[in-house]
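These notes concern the structure reproduced below.
Please treat every number below as a calculation from the coordinates, not as lab data. What you are looking at is a predicted structure, and each value in this text was computed from that prediction instead of being measured. Cβ coordinates were reconstructed from backbone atoms using ideal geometry, including for glycine residues, and neighbour counts include every protein chain displayed.
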Amino acid sequence: MPVPIPRQRAFPAAESGQAPAAHPGGTSKDPSPSKEAKVDNHAATAPLTLLLIEDDPGGSTVVPELRDSAGTPVRVRTARNLTEAARLLTDDVHCILLDLALPAPGRATGEDELAVLRHVLQLAPRHAVLALTASGDAERGAEAVRVGAQDYLFRDELDARLLSRAIRYAVERKRSDTAERRLAEGRLRAQENRRLERGLLPTPLLEGSQLRFAARYRPGRSRALLGGDFYDVVRTPDGTVHAMIGDVCGHGPDEAALGVELRIAWRALTLAGLCGDELLGTLQQVLEHERADDEIFATLCTVDIAPDGRRAGLCLAGHPSPLVARPGRPAKLLPYDNNGPALGLLPGARWPRMQVELGPQWSLMLYTDGLIEGRVGDGLERLGQDGMVEMVRRLLGEGLGGEELLRAAVNEVRDLNGGELTDDVAVLLLDRVG
């Protein structure tokens with residue numbers, strides 16, 4: 001069925017009904033954010049355009065010559081029905097002037113007095129709408145505003161000043177409503193993301209253990225709560241305490257999600273009795289299956305502390321070695337000569353398990369490279385492991401421990417860097433006091 005061509009209007013500000021048709025994927029029915037932003041940006045800079053929708057073969061609805069606040073003529077398009085209106089409702093339309101007497105498609109007259117308005121609001125959810133009604137029918141106009149129109153006008157009281165002001169008011173009110181809605185949606189998304197990310201951080205399972213636990217986490221992504229670093233601590237029924245810390249290369253949400261998957265897999269495998277090379281090999285399979293790109297890898301450090309707390313097994317997969325501090329002895333790094341490759345780099349790789357003696361009292365600090373790769377001053381020098389060891393020795397000498405020690409260490413590294421660190425930082429501390 002051919003679509004009727006909109007008629008020309010005999011007033012200076014009118015446009016031809018030969019407006020370019022909207023792209024099928026870009027009509028006002030498309031609620032995508034990019035489309036909405038495009039409409040708003042164009043509306044803020046282009047001359048005002050009014051779309052008049054009214055069924056008046058005689059042309060009795062008179063729209064006077066309109067000008068915006070800068071004196072520029074307001075362009076007017078006219079549609080006799082909603083089919084024509086859909087064709088003329090392009091991105092450069094700022095406001096719709098709708099005759100409420102226009103029948104809505106598929107509805108009998110009088111069934112719903114505002115059916116046509118509801119249809120237009122669905123058709124053009126991002127456009128300002130002015131309702132046009134008969135004089136004295138203020139109740140219907142007020143109901144139109146409650147339904148979603150920005151304002152209402154009486155048909156026989158239109159004049160250039162009133163209509164121009166109403167259009168500007170409706171457009172600005174719609175922009176304000178849209179901005180408030182976006183802000184509310186953004187806040188809701190941020191709250192949901194924070195709850196989600198907070199729920200993905202681990203809760204250590206150390207019931208029955210005499211070890212004290214502390215952790216510090218700082219993602220590198222701006223306004224994020226979770227990065228590609230991950231850690232966990234669990235105690236198995238035999239009394240062994242298993243600790244892990246890892247780092248997925250990259251800083252985006254995909255890396256953060258992969259880090260969570262690896263942490264959950266590590267906990268499940270550990271509670272199932274796997275450790276050492278068998279555990280890391282299985283985690284590598286998980287990573288290879290879940291990663292989005294073959295170039296993605298993860299470093300990992302695992303420690304299993306014997307039930308008596310005096311010795312531990314250490315496995316390193318491309319990860320910095322933990323730091324151990326004992327009373328009366330300077331803090332130092334645990335051996336790292338048998339450091340295996342990062343997960344995801346070499347198929348069939350092996351990760352030797354080293355036995356280390358801890359002694360009766362100790363503090364064991366596991367960390368990611370974000371703690372040691374921050375800059376020192378304005379140059380290119382990095383803090384490095386040696387700088388971190390010296391810093392921790394000094395902080396321990398000042399009597400700091402637990403969460404206070406980790407907080408001071410992370411803050412000092414940030415201060416040395418001259419501002420926020422670009423990489424994720426995760427640090428956990430296990431203490432045995434005797």
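With viscosity set to 0.890 mPa s and temperature to 25 °C, compute the Stokes-Einstein D of the stretch 348-414, Rh being the Kirkwood radius across alpha carbon pairs; µm²/s, no decimals. Approximately 176 µm²/s, per Stokes-Einstein. Neighbour counts of other Cβ atoms within 10 Å put F297, F154, F230 in the fewest-to-most order F154, F297, F230.
Ordered by the count of other Cβ atoms within 10 Å of each Cβ, fewest first, T78, T240, T72 give T72, T240, T78. The ranking of R189, R375, R394, R263 from fewest to most other beta carbons within 10 Å of each one's beta carbon is R189, R394, R375, R263. The distance separating the Cα centre of the stretch 315-357 from that of the stretch 372-389 comes to 21 Å.
Translational D (Stokes-Einstein, µm²/s) of the stretch 201-432 at 25 °C and 0.890 mPa s when Rh comes from the Kirkwood sum over C-alpha pairs? The Stokes-Einstein estimate is 138 µm²/s.
The gain in end-to-end length when the Q285 to L333 segment is fully stretched comes to 14.4 nm, 0.36 nm per residue minus the alpha carbon separation. Counting 0.36 nm for each residue step from V376 to Q361 and taking away their Cα separation leaves a gain of 2.2 nm.
For the stretch 287-348, GluC sites (Glu not before Pro) meeting the loop criterion (DSSP other than H, G, I, E, B) and having at most 16 other Cβ atoms within 10 Å: E295. The base-10 log of I(q)/I(0) for the stretch 225-313, evaluated at q = 0.16, 0.19, 0.24 Å⁻¹, reads -0.61, -0.81, -1.16 [Debye formula, identical scatterers on Cα atoms, solvent excluded]. Here the extension length gained between E420 and Q122 equals 102.7 nm, from 0.36 nm per residue of separation less the Cα-Cα distance. Note on the stretch 288-388: semi-axes of the ellipsoid equivalent to its C-alpha gyration tensor, largest first and rounded to whole Å, are 26, 22, 10. Inter-label distance, R311 to L206: 2.3 nm, where each label sits 7 Å from its Cα along the C-beta direction. In the stretch 82-105, whose amide N lies under 11 Å from the spot 7 Å out along Cα-to-Cβ of V145? List them in ranges. Inside the label zone: nothing.
When you count the other C-beta atoms within 10 angstrom of each residue and take the mean per peptide, 346-352, 128-134 line up highest first as 128-134, 346-352. At an R0 of 56 angstrom, the distance between the Cβ atoms of E398 and R175 translates into a FRET efficiency of 0.50.
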